Each structure stands twice: as C-alpha cells, then as structure tokens.
Amino acid sequence: MRRCLIYLDEQALQDSVDLLEVARQIHASDDDVTTGVTFGADIRLAAGAFDSIIQVSHPQLKTYDPLAVTEVLVELQEKNAFDTILVPATPFGRMLAPRLAMRLKTGLVADVTAIRHEGGQLLAIRPAYSGRIMAAILFHGTGPVMMSIRPGVFHWDRTAEKNTQTETFAPTRVRDGNLRRLAVKAKEQTYDIRESDVLVSGGGGMIGHFQELERLAQSLGGQVSASRKIVDQGLASRSIQVGQSGKTVSPKLYLALGIDGAVQHVEGLKQVQHIISVNLNKNAPICSLSDIVVEGDAVTFIDKLVAKINQEASD
Ligand SMILES: Cc1cc2nc3c(=O)[nH]c(=O)nc-3n(C[C@H](O)[C@H](O)[C@H](O)COP(=O)(O)OP(=O)(O)OC[C@H]3O[C@@H](n4cnc5c(N)ncnc54)[C@H](O)[C@@H]3O)c2cc1C
C-alpha cells in the first residue's frame, strides 16, 4: 500500500482534486491511500474523493505564507511518511513545492504534464525549453516522490464515492515570518471566452502591449483571449487562455495577434469558423490555418484597424 498526500489549494480546488488522477497513474494500484491536506478550502468538492482529508488549523498560522505552510507540511510528513506528495502548480503551489522539497531533502519535478512507467520505473514528463521538447525525469533515491502538476492537464473522473475520513491537525511548530497580509481584494469578474462570437487573442508577440487588445476587442464587439505565453507571464488570467490546458473556443472570428500557433494552442481552435492572424513571420504555423494572414507588427495593425473602424463609425 502506497500513500499519497495532495495539497488542496483553496484558490484552485478542482485542479487540486484532479491530482487524484496523477496519484492513480503513479501508483497504478487500487489499494493506494490518498490524503488531501487543506488550510482553509471548502472541502465539499473533495469529500467522497479522498480516503482522508487533513484540515490544518492553528490560530497563529498564516495560511498565505508559503514558508509557514511548508513548515506544517514538513511536520505532517515526519508524522505520516507519505510515499508521494503532489502539489498543483498554481501560483501558490509553485512557491510551496520547491520550498517543501528542499526541507524534505528530496527532488522535485516541477510542472509535470504526464506520467509514464517504463521497465518498472516511474517517469515524470514535463516541458522543457519553453515547451519545445518534453523531458522525461527518472526518480532515484528514497523519496518521497514530489511533483508539482500543471493545472488543467489531468482530469479525475469520480467513479466510486469513498467514505472520506476527516481529521483536524494542529501543528506544534508555527512559523511567524516577515510576511504580512495588508489587504485582500476580490478577484475581478471575468467573462467566458467560450461564449464569444469574436475573440481578439494575443500571444508572445504582444508582451508589453497586451492591454492594447482591449481597444480592438471593444471596437469589434468582442472579447480578449490569450495564448499561454501571456498567461504564464502573469499578464492575463488563466480563465481566458485558449488551448489544450486552457479553453476550447468556438467564435465566428478569431484574431490571432502575435501567436505562433503551437499544437497546444491550436488544440483549442478546432471549432473556430474564421481565423485572421497577424504575425511578423508569415511562416508561423498559425498562418497555415488562417483565412487571412497579415504580415507585420500586431500593435500597428491594432492602431490602424481601430482608427479605420472609428472613422467609418463617424462617417
Ligand atoms: C502540456 C502543454 C500544454 C500547453 N497548453 C497550452 C495552451 O493551452 N495554450 C497555449 O497557447 N499554449 C499552450 N502551451 C504552450 C505552447 O507550447 C506554446 O509555448 C505557446 O502557445 C506559445 O505562445 P505564443 O505563440 O503566444 O508565443 P511565441 O511562441 O513566443 O510566439 C510569438 C509569435 O508572435 C510573433 N511576433 C513576435 N512579435 C510580433 C509582433 N510585434 N507582431 C506580430 N507578431 C509578432 C512571432 O513571430 C511568433 O510567431 C502548452 C504547452 C505544453 C507543453
């Protein structure tokens, strides 16, 4: 029997629960035991999915401080000796996972997108060199096996309901670092790019100018979407990402500005009616899928098209 701990990020609970699929693929056995650990998430979504859920509670614990959370997880690992620890590669998970791996003196494979078994050995697959190659990482040593998992890649199908045991854990070591939370702002309401008829989408060629897309989207009565390059840079929310690990969209018109057209992006465009791409490189892969290709700078294109639309509106 192998035991797996999954960190439940309260900002991305579904992505965290989906890591059960990763645990299933790693252990490839029915008698593995999965434990979720939460520092405040509403566990209703996870109940019935895990064998057990540990709810961490301590009045002085700063659950927003990755170092404080790391300290608690170290204590839990000392108590439970999990074989595998999985963390969603969310913004918080990306801060947490390397710190925890360092404290546990184990390796970390970050941003894993697939699991393989070869010759009895476990391989974690992750993109390298900006996604140009996929690297297969082999585990050595005594573990625990630690990975952070790219959100949106694995999906867990709830088959049977489990009788989830819940327990409260009060850590004995609570770290009080220098981090102070001064304010909490509610997330901005966002639209659903899957419902839009016109999408103005920006990619790597729009870094530094991404906000310009909004002007064109408004002029065309559409909405803004993005490639993952933009989302990974923190310039747009993941909720507007198009592609394999984002959303599949079905607008009548998709304007691809400074987007190269990697297979993972194009995966999200299968139901698009018309594509216009604007790119400095007319041989970029997106161009071969486009109804119209504009060879040139995307920001100049926006300026000219918005000016033209405004002029026609005033005539
Ligand atoms: C498992 C996995 C899942 C992934 N999922 C997704 C996903 O869901 N969605 C996604 O988008 N990607 C995804 N990716 C990433 C994908 O492989 C590419 O890295 C990403 O799509 C590249 O984004 P881009 O084309 O915007 O940027 P780049 O690759 O940087 O391309 C920029 C393009 O802009 C052009 N350009 C540059 N400057 C200008 C300018 N001034 N004007 C006009 N054109 C310009 C360039 O010629 C180039 O064609 C995934 C990768 C992996 C490994």
Inset, instruction - For the chain, set up a Gaussian network in which alpha carbons nearer than 10 Å are linked by springs, and say which option among 279, 80, 178 fluctuates the most. - result: 178
Inset, instruction - For n ≥ 4 DSSP H runs only, could you compute -39500 (n - 2.57) per run for the chain, divide by its residues and tell me the 222 nm figure to the nearest 500? - result: -7000 deg cm²/dmol
Inset, instruction - Mind checking the full-extension length gain between residue 29 and residue 140? Use 0.36 nm per residue of separation minus the Cα-Cα distance, one decimal, nm. - result: 37.9 nm
Inset, instruction - Among DSSP beta bridges whose residues both lie in the chain, state the antiparallel percentage, nearest 5. - result: 20 percent
Legend entry - Backbone HN-Hα couplings from phi across region 274-284 [Karplus 6.51/-1.76/1.60, Hz, Gly and Pro as x]: 9, 10, 10, 10, 10, 8, 5, 10, 6, 9, 4
Inset, instruction - When a/c is below 1.5 the answer is rounded, else prolate if a/b is larger than b/c, else oblate, so apply that to the chain with a ≥ b ≥ c taken from the square roots of the Cα gyration tensor eigenvalues. - result: prolate
Inset, instruction - Please find the FRET efficiency linking residue 252 to residue 179, where r is the Cβ-Cβ separation and R0 is fixed at 51 Å, and quote it to the nearest 0.05. - result: 0.60
Inset, instruction - Indicate the gyration tensor shape class of region 274-313 (rounded, prolate or oblate), computed on the Cα atoms with a ≥ b ≥ c the square roots of the eigenvalues: a/c under 1.5 is rounded; otherwise a/b larger than b/c is prolate and the rest oblate. - result: oblate
Inset, instruction - Provide the FRET efficiency to the nearest 0.05 for the residue 118-residue 292 pair, computing r from the beta carbons and using R0 = 35 Å. - result: 0.20
Inset, instruction - May I ask you to list the lysines whose Cα is less than 26 Å away from that of residue 162, ignoring any residue fewer than eight positions away on the same chain? - result: 79
Inset, instruction - Mind giving me the FRET efficiency for residue 307 and residue 95? R0 is 35 Å, r the Cβ-Cβ distance, nearest 0.05 is fine. - result: 0.20
Inset, instruction - Step through the residues of region 17-33 one at a time and calculate ³J(HN,Hα) from phi using the Karplus curve (6.51 cos²θ - 1.76 cosθ + 1.60, θ = phi - 60°), rounding each to whole Hz and writing x for Gly and Pro. - result: 5, 4, 5, 4, 5, 5, 4, 4, 6, 5, 7, 6, 8, 7, 9, 6, 10
Legend entry - Summed residue charge, Cβ within 13 Å of residue 311's Cβ, Lys/Arg positive, Asp/Glu negative: -1
Legend entry - Where labels lie 7 Å past Cα in the beta-carbon direction, separation of residue 64 and residue 195 in nm: 3.0 nm
Legend entry - Ratio of the Cα radius of gyration of region 1-95 to 2.2 N^0.38 Å, where N counts its residues: 1.02
Legend entry - Filter on 282/304; 229/282; 62/105; 105/229 - keep pairs with C-alpha separation over 22 Å: 62/105; 105/229
Inset, instruction - Give the long-range amide H neighbours of residue 110: residues separated by 5 or more places, or on another chain, with amide H under 5 Å away, using H modelled in the peptide plane at 1.01 Å from N. - result: 148
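Values quoted throughout were computed directly from the atomic coordinates according to the rules given, and no laboratory measurement underlies them. Given the structure is predicted, the values throughout are model-derived calculations rather than measurements. All Cβ positions, glycine included, derive from the backbone under ideal geometry; neighbour counts span all protein chains shown.
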